[in-house]
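Working notes, structure below.
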């Protein structure tokens, strides 16, 4: 079977990434240039610095992706690019590059929703997955629970009302002085802590059975730490981190369990940067196994922002005739 190669470009936040994927599933290359060290001293992503770094790195990253894939521009069938959600300056760097390439090569431009990319990241390693299924996407900017009766058809069941789960991890880690990015830092120190030590609140969202809210938990952690420091003269970071991580995961599992009552599918996908959290994976996998369902998640390389997932999603959009015009613009608040 002849190859159908899509070049994916991802610059929605602080990862400059390009990838070549064949027919939406076979990854020929996946190059990621991380900016973590650049932003670490600020405790989070600085948008202006991120966009400038994308501008500096993107041509080089695209060249490396093509070289590793053993191909060149003439073999490409389309250019897929993240156009939202994300940081507007960062998004624009990738979009301008993608539009320029699509125009020069006279091949389709495919704008991809970043969240859709995370969903399709599972197909890169589990190519036989077929709907219906549930997908929990958990990252620094998004916490979404959706039902997919078919590929390309998505019903959003719940999303965060305020902080995303990954954002709450970052903010709690920064407050505790654990460094950036917060998710891995919390997970590491939580291994030596007691997850039952402190009781933290679960949000009451009324009739919204599938929705999320993490700002209250973040505030509760900060208040708890201040009180403990005043009473005991120190902050027990490991116990607080473990209790915080457990509470966040408890909430995520509660929402998935509620969704499966109304949508009793046998396949649940986990995606997004927080999907790399081993504690979340193990507890969700255990819960689903006990209920006769299966959990699927990508390897670490495809959990965090990457261009392979964008190229993969782009292929399926191209097959459905969903291509973009050259006036494609950034949509920083794009919803699925």
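The values are calculated or read from the model by the stated rules, or taken from the named source; none is laboratory data. Since the model is a prediction, treat every value here as computed from it, not as a measurement. Cβ coordinates were reconstructed from backbone atoms using ideal geometry, including for glycine residues, and neighbour counts include every protein chain displayed.
Observations, loosely collected:
- Selected residue [out of contact with any strand residue (DSSP E or B) (no Cβ under 7 Å at 6 or more places or on another chain) and on the phi > 0 side of the Ramachandran plot] from 67, 106: 106
- Out of 324, 282, 333, sole residue that is within 17 Å of the chain's Cα centre (by Cα) and either touching a residue at least 24 places away in the same chain (Cβ under 8 Å) or surrounded by fewer than 23 Cβ atoms within 10 Å (Cβ to Cβ) (or both): 333
- If the condition is being in contact with a helix residue (DSSP H, G or I) (Cβ under 8 Å, 6 or more places away or on another chain), more than 30 Å from residue 251 (Cβ to Cβ) and not in a strand (DSSP E or B), then the stretch 108-144 contributes only 108.
- Filter result for residue 29 (more than 30 Å from residue 178 (Cβ to Cβ), in contact with a helix residue (DSSP H, G or I) (Cβ under 8 Å, 6 or more places away or on another chain), surrounded by fewer than 23 Cβ atoms within 10 Å (Cβ to Cβ) and not assigned by TED's automatic domain parsing to the domain that holds residue 168): yes
- Those residues of the stretch 84-103 which are part of a helix (DSSP H, G or I), out of contact with any strand residue (DSSP E or B) (no Cβ under 7 Å at 6 or more places or on another chain) and closer than 23 Å to residue 142 by Cβ, in sequence order: 88, 89, 90, 92, 93
- Condition met for residue 81 (touching a strand residue (DSSP E or B) at 6+ places or on another chain (Cβ under 8 Å), outside any helix (DSSP H, G or I) and either over 30 Å from residue 219 (Cβ atoms) or free of Cβ contacts under 8 Å to residues at least 60 places away in the same chain (or both)): yes
- Checked against the criterion of being in contact with a helix residue (DSSP H, G or I) (Cβ under 6 Å, 6 or more places away or on another chain) and either in the same structural domain as residue 147 (by TED's automatic domain parsing) or assigned to a helix (DSSP H, G or I) (or both), the candidates 253, 228, 288, 224 yield just one match: 253.
- Residue within the stretch 41-59 that is modelled with pLDDT of 95 or more and more than 30 Å from residue 168 (Cβ to Cβ) present: yes
- Per this entry, residue 180 is not counted among residues that are surrounded by fewer than 20 Cβ atoms within 10 Å (Cβ to Cβ) and within 14 Å of residue 115 (Cα to Cα).
- In the stretch 145-177, the residues that are under 16 Å from the mean Cα position of the chain (by Cα), free of Cβ contacts under 8 Å to residues at least 60 places away in the same chain and not in a strand (DSSP E or B): 163, 164, 167
- The residues of the stretch 46-73 that are part of a helix (DSSP H, G or I) and out of contact with any helix residue (DSSP H, G or I) (no Cβ under 8 Å at 6 or more places or on another chain), listed by number, are 52, 56, 57, 60, 61, 63, 64, 65, 67, 68, 69.
- Residues in the stretch 213-234 that are under 19 Å from residue 194 (Cβ atoms) and buried (at least 16 other Cβ atoms within 10 Å of the Cβ): 6 in all.
- Figure legend. Inter-residue proximity from the stretch 252-267: first residues exposed (fewer than 15 other Cβ atoms within 10 Å of the Cβ), second residues assigned to a helix (DSSP H, G or I), beta-carbon distance below 8 Å, spacing 6+ or different chains. Indicated pairs: 257/287.
- Going through (1) at pLDDT below 90; (2) under 30 Å from residue 131 (Cα atoms) one by one, residue 232 falls short only on (2).
- Residue 271 vs. criteria surrounded by fewer than 17 Cβ atoms within 10 Å (Cβ to Cβ) and under 18 Å from residue 138 (Cα atoms): no
- Scope the stretch 111-121; condition closer than 26 Å to residue 300 by Cβ, buried (at least 24 other Cβ atoms within 10 Å of the Cβ) and touching a strand residue (DSSP E or B) at 6+ places or on another chain (Cβ under 7 Å); matching residues: 112, 114, 115, 117, 118, 119, 121
- Residue 156 touching a strand residue (DSSP E or B) at 6+ places or on another chain (Cβ under 8 Å) and either farther than 27 Å from residue 135 by Cβ or exposed (fewer than 14 other Cβ atoms within 10 Å of the Cβ) (or both): yes
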